[in-house]
Amino acid sequence: MTTHVDCAYEGWSLQRLQNLLNQKELTRVPVIASDHQLVGSVGSADIYRLMNQEETYRAQLVNDNFRRTTGSDIDNLDELTQWSRRAQVYCTVHQIMQPADNQIDISASQSELKAAMLHASNQTLWVTRLGLLVGKIEAVDLLTDC
């Protein structure tokens, strides 16, 4: 298990996330809430998927975030269109992250770990203790233990 895990905060902008992914040469990171609970994972593919969605979908996400922050909508359609073209600046990690389904508690047995890895959507499991992120295990780690 690797105990040092780079992660993203769910309130970060996608631009900040992309900077982290590029700087650390990562494709996917766990997402934590303000109380440090593991809430999901997010990666470059999620950003790519958003930026290639219909403009109306991106505009909806931008407007949702604006409403959550200010309590009102962006009423000017031209302004909303311009903002949606830069959705990576105005949308948050929380809006595009995947649920935290690739996680396992640190107290899990070896057989539970192997079973969880078989059902993982990628080759990484996020290790938690009482819901808090404490590390990660990759499929290759299981192979080296053999």
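The values are calculated or read from the model by the stated rules, or taken from the named source; none is laboratory data. The shown structure was predicted, so the numbers you read here are calculated from the model rather than taken from an experiment. Reconstructed Cβ throughout: ideal geometry from the backbone, glycine too, with neighbour counts over all protein chains shown. Quick note on the areas: whole protein, heavy atoms, side chains included, nothing else; ligands and nucleic acids left out. Shrake-Rupley method; radii C 1.70, N 1.55, O 1.52, S 1.80 Å.
Computed from Cα positions, the angle between helix 14-24 and the longest principal axis of the chain comes to roughly 40 degrees. The accessible area of residue 1, taken with all protein chains in place and a 1.4 Å probe, comes to roughly 110 Å². Each residue of region 71-81 was assigned a 3J(HN,Hα) from its phi angle through the Karplus curve 6.51 cos²θ - 1.76 cosθ + 1.60 (θ = phi - 60°); the sequence is x, 9, 8, 7, 7, 7, 5, 5, 5, 4, 4 Hz, with glycine and proline shown as x. Its Cα centre serving as origin, region 11-146 has a Cβ charge dipole (Lys and Arg +1, Asp and Glu -1) of approximately 220 debye.
The amide H of residue 40, built 1.01 Å from its N in the peptide plane, has 31, 100 as neighbours under 5 Å, considering only residues 5 or more places off or on other chains. Here the accessible area of region 17-146 is 49 percent carbon and sulfur, with a 1.4 angstrom probe and all protein chains present. Within the chain, the longest run free of exposed loop sites, counting GluC sites (Glu not before Pro) that sit outside DSSP helix and strand states (H, G, I, E, B) and have at most 13 other Cβ atoms within 10 Å, spans 55-146. Accessible area per residue (1.4 Å probe, heavy atoms of protein chains only) ranks 7, 91 as 7, 91, with the largest value leading.
What the chain shows is 60 Å² of accessible area per residue, with the surface traced by a 1.4 Å probe over protein heavy atoms. In a reduced charge model with +1 at each Lys and Arg Cβ and -1 at each Asp and Glu Cβ, region 96-142 shows a dipole moment near 60 debye about its Cα centre. Report summary: the helix-based calculation at 222 nm, which adds -39500 (n - 2.57) for every DSSP H run with n ≥ 4 and divides by the residues of the chain, gives -13000 deg cm²/dmol.
If you look at the Cα atoms of region 28-74, you get an Rg and a Dmax of 13.2, 33 Å. Note on residue 76 and residue 48: the model spin-label points, each 7 Å out from Cα along the C-beta direction, lie 3.5 nm apart.
Mean sequence separation of contacting Cα pairs (under 8 Å, at least six apart), scaled by the length of the chain, corresponds to a relative contact order of 28 percent. Amide H contacts under 5 Å for residue 134: 127, 128, 129, restricted to partners 5 or more places along the chain or on a different chain, H placed in the peptide plane at 1.01 Å from N.
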